[in-house]
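Encoded as structure tokens, the structure appears first; notes follow it.
The values are calculated or read from the model by the stated rules, or taken from the named source; none is laboratory data. Please read these numbers as outputs of a predicted model, since none were measured by experiment. Cβ atoms come from the backbone with ideal geometry, glycine included; neighbour counts cover every protein chain shown. For accessibility, only protein heavy atoms count, side chains too; no ligands or nucleic acids. Shrake-Rupley method; radii C 1.70, N 1.55, O 1.52, S 1.80 Å.
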Amino acid sequence: MLGIDCHTHTGVSPDGKGTAGGLCRSAISKGLNAIAITEHIELNRWFSQDHYGIVPKNDDEIFNYCDIMESAMKQNCAARDNYGSRIHIISGIELGQPHVDFGLAEAVMHDIRLDYVIASLHELQGKEDFYCLDYSRESVTELLDEYFKELYRICSWGKFDVLGHITYPLRYIEGEQGINVPLENYEEQLRECLKALAGAGAGIEINTSGLRQKYGKTFPTLEILKMYREFGGEMVTIGSDAHCADDVGKGIHEGIKLAKEAGFSYLCYFSEREPIYIKIV
């Protein structure tokens, strides 16, 4: 059962489109065996705007992710009822910025409707999402230095299932802005993150979205996957990071080849927060 897309979004996510039914029908039509529906849950905006007493930095900064979480779980359960006989449905979330409140993060992850949690870092504390930053006014070196510092905190905590798109900022810095980033300048920090991730028993995601974007590569690349493997990391999932039905499953076969090239013999998916391993053949 290698045809699994472990990272997808619907219109329940603020930047997504369509419905869970649309994702499921697309996955079925493409011959996938399973799909994880993993809506964005940005933990730093879990409560209302009044609770934080701040003004949104842009129109994309919404609050009350507690309500989005509930909508996501209801949607995932309904999708399982409607399509579960035709495709295996994994109820997940993409938990952004869990390090802002690890106690709250753990409480959110205790929801019994959850099979799977991707941890991610979309924005630095006090900054907008990397998607929104004006790089003509930012120091890329300082941004990435801070990114890996905050990412290390998340990896060291490690109570999630897999870390999503570990090199996320490069989607915009290199892919959209064309600013070259010599990752060797951050290799020591990156290695510390991967060592902490493997040590915590958490997995890593091969996110294939970059293959259909200007970046042109997976998040992460082969070299970084090999580093994770060096430190004893074993859990690897593959996800398209689809934000619409058309993109479901894109790049999954390329991701499988990459995992094998990096030395992994198994992929995994999650059920009730437990990994299930599938041999790569």
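Here the accessible area is traced with a 1.4 Å probe on the protein chains. For the chain, carbon and sulfur cover 47 percent of it.
Once you sort the root eigenvalues of the Cα gyration tensor of segment 159-207 as a ≥ b ≥ c, which label holds: rounded (a/c under 1.5), prolate (a/b larger than b/c) or oblate (the other case)? Taking the square roots of the gyration eigenvalues as a ≥ b ≥ c, segment 159-207 is oblate.
Rounded is the label for the chain, because the ratio a/c of its alpha-carbon gyration tensor axes (a ≥ b ≥ c) stays below 1.5. Using the Karplus relation 6.51 cos²θ - 1.76 cosθ + 1.60 with θ = phi - 60°, the per-residue 3J(HN,Hα) values for segment 157-168 come to 5, x, 8, 8, 9, 9, 8, x, 4, 4, 9, 3 Hz, with x marking Gly and Pro. In the context of the full set of protein chains, the chain has a per residue accessible area of 43 Å² (1.4 Å probe). Placing +1 on each Lys and Arg Cβ and -1 on each Asp and Glu Cβ, with no other charges, gives segment 74-213 a dipole about its Cα centre of roughly 620 debye. When peptides 166-173, 219-226, 202-209 are ranked by their average number of other Cβ atoms within 10 Å per residue, the highest-first order is 202-209, 166-173, 219-226. Can you bin every Cα-Cα distance in segment 80-138 into 10 Å intervals starting at zero and give me the percent of pairs per bin, rounded to whole numbers? So the P(r) values, bin by bin, are 19, 35, 25, 17, 5, 0.
Dividing the helix sum by the residues of the chain, where each DSSP H run of 4 or more adds -39500 (n - 2.57), gives a mean residue ellipticity at 222 nm of -10000 deg cm²/dmol.
Calculated over segment 107-217, the projected area of the Cα convex hull averaged across directions stands at 7.6 nm². Amide H to amide H distances under 5 Å link residue 206 with 237, 238, 239, where only residues 5 or more positions off or on other chains count and H is placed in the peptide plane.
On the principal axes of its alpha carbon atoms, segment 206-281 extends 32, 30, 22 Å, with the longest extent given first.
Once you sort the root eigenvalues of the Cα gyration tensor of segment 137-281 as a ≥ b ≥ c, which label holds: rounded (a/c under 1.5), prolate (a/b larger than b/c) or oblate (the other case)? Here segment 137-281 falls in the oblate category.
Here are some pairs, 127/195; 149/226; 217/260; which of them have Cα atoms lying more than 25 Å apart in this structure? Those over the limit are 127/195.
Computed with the Debye formula from one identical point scatterer per Cα of segment 52-113, without solvent, the log10 of I(q)/I(0) at q = 0.12, 0.14, 0.28 Å⁻¹ comes to -0.42, -0.54, -1.25.
Considering only 147, 179, 222, the residue lying farthest towards the positive end of the dipole of segment 126-248 is 222, judged by Cα position with unit charges set on Cβ. Among the trypsin sites (Lys or Arg not before Pro) within segment 107-143, those in coil by DSSP and having at most 10 neighbouring Cβ atoms inside 10 Å are 137. Applying the Karplus relation 6.51 cos²θ - 1.76 cosθ + 1.60 with θ = phi - 60° to segment 211-217 yields 3J(HN,Hα) values of 5, 10, 10, 4, 4, x, 9 Hz, where x marks Gly and Pro.
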